[in-house]
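The values are calculated or read from the model by the stated rules, or taken from the named source; none is laboratory data. Nothing here was measured: the structure is a model prediction, and the numbers come from that model. Note that each Cβ is placed from the backbone with ideal geometry, even for glycine, and that neighbours are counted across all protein chains shown.
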Amino acid sequence: MIQEFLIANDSEDALKLRRNNPKSVFYAGGTEINRLNSTVMAKTAISLSKLHLNNITDEGNSIRIGSMVTFQQLVESPLVPQYLKDAALYCGSFPRRNMATLGGNLALCGDHSYLAPVLLASRARLLTANLTEGGAYSEDNIPIREYHAYHSQFSGTLLLGVSLSKDQRFVGSSRFANTLESQAGVTVGFGATKNNEGVIDHVRVYVAVKGSGVQRLSDVENAIENGELTSRQDVQLAVGHAIEAKDDFTGSSSYKRYIASEGIAQLFAEFVAGGAK
Ligand SMILES: Cc1cc2nc3c(=O)[nH]c(=O)nc-3n(C[C@H](O)[C@H](O)[C@H](O)COP(=O)(O)OP(=O)(O)OC[C@H]3O[C@@H](n4cnc5c(N)ncnc54)[C@H](O)[C@@H]3O)c2cc1C
């Protein structure tokens, strides 16, 4: 439970406060930190509200979205691609969309994450800030797949924002839950590009499975790129075999495997039919 609330003046200050307060967390929208039975345990909250990370800017070939941008800002901005608006709307509660931030959602990267599968499928880049062991402030720009693959190693990292390329690319996601407000059993993200010769490249297949985490299906990605999986049925079968799933209140493991494979196969079929989104 939060007992102390500190307000950082800038990114470096936030990182220093975090380092000097071992049981502390960055505080963005607070929707997970304050949730009943929250997964986040901390005594000290370090507010990021003064860091000016709540803007969405057009940077020419890319769009930069600050980590403190809320889900509702994503929905309302004309700069944000539809695939990300769709994922932000998976959060059905307007008050929560008004508080929950993109950075908070990515930092959690949970097994029922609204945004992680689609952002991973988009090949976004993350803008991060850290302190070196000696205490020097540094910023970096990393592929989101790296953040996901080594997630625990980024626990002290401050997310500054996300950079989305404007290059033509199909990106889509689907979420499967009993109701809009229920936790999802499965959320899938699929992204790929097709060049003028019809060659499929840069395929990304990510599946968030309740109880089993956010999974990258690299073998499926490679098989699509190599032309080994060409039909919707091929992809469905391959995804069903590749994912890990457990029985729980959101569904049986076989249901989750079925629904994830159906979700990815649908997106693959849309991609093949249209090629870009
Ligand atoms: C009723 C309810 C249902 C929910 N259902 C879902 C759901 O289905 N799917 C889902 O994904 N989430 C769900 N959530 C959790 C939450 O609303 C979202 O994940 C939200 O996006 C978290 O963002 P936040 O800004 O509120 O994060 P916070 O609660 O402020 O922080 C969450 C974590 O992220 C860290 N963090 C925040 N910002 C940064 C940053 N810039 N850099 C590094 N670390 C940071 C914090 O330190 C903390 O550990 C639910 C919450 C509630 C209350």
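List pairs: first in region 35-50 and farther than 23 Å from GLY66 by Cα and free of Cβ contacts under 8 Å to residues at least 60 places away in the same chain, second of a type in the set (Lys, Arg) and in a loop (DSSP other than H, G, I, E, B), Cβ under 6 Å, 6+ apart or cross-chain?
Pairs that qualify, where the first residue is farther than 23 Å from GLY66 by Cα and free of Cβ contacts under 8 Å to residues at least 60 places away in the same chain and the partner is of a type in the set (Lys, Arg) and in a loop (DSSP other than H, G, I, E, B), are ALA42/LYS23; LYS43/LYS23.
For residues that are in a loop (DSSP other than H, G, I, E, B) and surrounded by fewer than 19 Cβ atoms within 10 Å (Cβ to Cβ), scanning just region 7-29, find the one that is farthest from the ligand (Cβ to nearest atom).
ASN9
Restricting to region 169-183, name every residue that is within 16 Å of the ligand (Cβ to nearest atom) and surrounded by fewer than 24 Cβ atoms within 10 Å (Cβ to Cβ).
SER174, ARG175, PHE176, ALA177, ASN178, THR179, LEU180, GLU181, SER182, GLN183
Can you tell me how many residues in region 66-92 are more than 11 Å from the ligand (Cβ to nearest atom) and either within 19 Å of GLY30 (Cα to Cα) or not β-branched (Val, Ile, Thr) (or both)?
Qualifying residue count for the region: 13.
Take region 104-150 and flag every residue that is in contact with a helix residue (DSSP H, G or I) (Cβ under 8 Å, 6 or more places away or on another chain), away from the ligand (no atom under 15 Å from the Cβ) and over 17 Å from TYR206 (Cβ atoms).
The answer is GLY135, and nothing else.
Conditions: (1) without any contact (Cβ under 8 Å) to a residue 60 or more places away in the chain; (2) at positive phi. CYS109 meets all but one. Number of the miss?
Against the list (1) without any contact (Cβ under 8 Å) to a residue 60 or more places away in the chain; (2) at positive phi, CYS109 comes up short only on (1).
Could you say which residue among LEU89, LEU79, LEU120, LEU115 is at pLDDT 95 or above and within 15 Å of SER182 (Cα to Cα)?
LEU89
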